[in-house]
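The structure's right below; bear with me while I get my questions together.
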């Protein structure tokens, strides 16, 4: 009797284990994930427009992934930091007017794009009469909209947004205001100390030399720096590094980069100053003695020139102490040999 009860219980447990997966299978709803991959061109427009005039820009939107419902809109942006990043504002502002010249499409209106299909957006940019001279910055945003599946009750859909920046300079006379200033031109040394009221930047001879160059635009129009950073040594050695032209928006600062810049290994535990924050230039080599760094920057023809300079000392500290340690070991061994 006890054996029969035991067999009955075992049967119930086995049946339960067989039924539970089936219940889970029928209760679980399928989840589908939509893939989003969009492109927009041109990615950047820089234009000068007189008040009362307009221009037409043709943008091409391509969908490389699943079919998607898209919407286009224009919003202003402002500089976020001095690394070239921007912050898009939530509400439209400014005197510039935007519209689409497409016969079947308007800004804010949804449109459907199949896989590998494309859509051309004809963006009309108009500056009304009386608009204040200066720069205005906007982004054409194209974003996907959530979809609902007709055949499945539950679905997971990705959302993506791409943008193309529009830099507009409004001027009636055609003149551009250029008011640059170098706010920082300095190396990030391993050691820094003061001597006779002067700051001394000091590196080991094998250290990479990171340099920071930050330029401020105090004018009302964007500027683009051109020039070089020059390194001169006490033995007549000289190296030149070309400044990469990058837009500095009105009333903002930007970290300016130079090329070529030697690459170094910035592993997670690296304590090198060059790895702690973004820099303009990293100079590698073997340095001994006094070195001077200078830069001269212009911003187009007949523009003002700004310049700055800094310096550093380098000495083979690691090699020096290594030789001393080796000498001490050799002297110790020689002494032991004489004693024996």
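Output the residues belonging to the range 221-242 that are crowded, with 18+ Cβ neighbours inside 10 Å and assigned to a loop (DSSP other than H, G, I, E, B).
The answer is 221, 222, 225.
For every residue, the table says whether it meets (1) in a loop (DSSP other than H, G, I, E, B); (2) touching a helix residue (DSSP H, G or I) at 6+ places or on another chain (Cβ under 8 Å); (3) surrounded by 15 or more Cβ atoms within 10 Å (Cβ to Cβ); (4) modelled with pLDDT under 95.
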site	(1), (2), (3), (4)
125	no, no, yes, no
130	yes, no, no, yes
135	no, no, yes, no
149	yes, no, no, yes
153	yes, no, no, yes
172	yes, no, no, yes
176	yes, no, yes, yes
184	no, no, yes, no
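Now for a different question. Looking at the range 55-83, which of its residues are assigned to a loop (DSSP other than H, G, I, E, B) and under 30 Å from residue 280 (Cα atoms)? Write out each step before concluding.
First, the residues of the range 55-83 that are assigned to a loop (DSSP other than H, G, I, E, B): 64-67, 80-83.
Across the range 55-83, the qualifying residues are 80, 81, 82, 83.
Just the residues that are crowded, with 16+ Cβ neighbours inside 10 Å and modelled with pLDDT of 95 or more, please, taken from the range 77-93.
Scanning the range 77-93 gives 77, 88.
Can you find a residue that is surrounded by fewer than 15 Cβ atoms within 10 Å (Cβ to Cβ), part of a loop (DSSP other than H, G, I, E, B), modelled with pLDDT under 95 and over 25 Å from the mean Cα position of the chain (by Cα) anywhere in the range 45-54?
No, the conditions are met nowhere in the range 45-54.
Same structure, new question: If residue 287 passes every condition in (1) modelled with pLDDT of 95 or more; (2) within 20 Å of residue 312 (Cβ to Cβ) but one, which one does it miss?
With (1) modelled with pLDDT of 95 or more; (2) within 20 Å of residue 312 (Cβ to Cβ) applied to residue 287, the lone miss is (1).
The values are calculated or read from the model by the stated rules, or taken from the named source; none is laboratory data. Not measured: the values here are computed from a predicted model. Neighbour counts run over all protein chains shown; Cβ positions are idealised from the backbone, glycine included.
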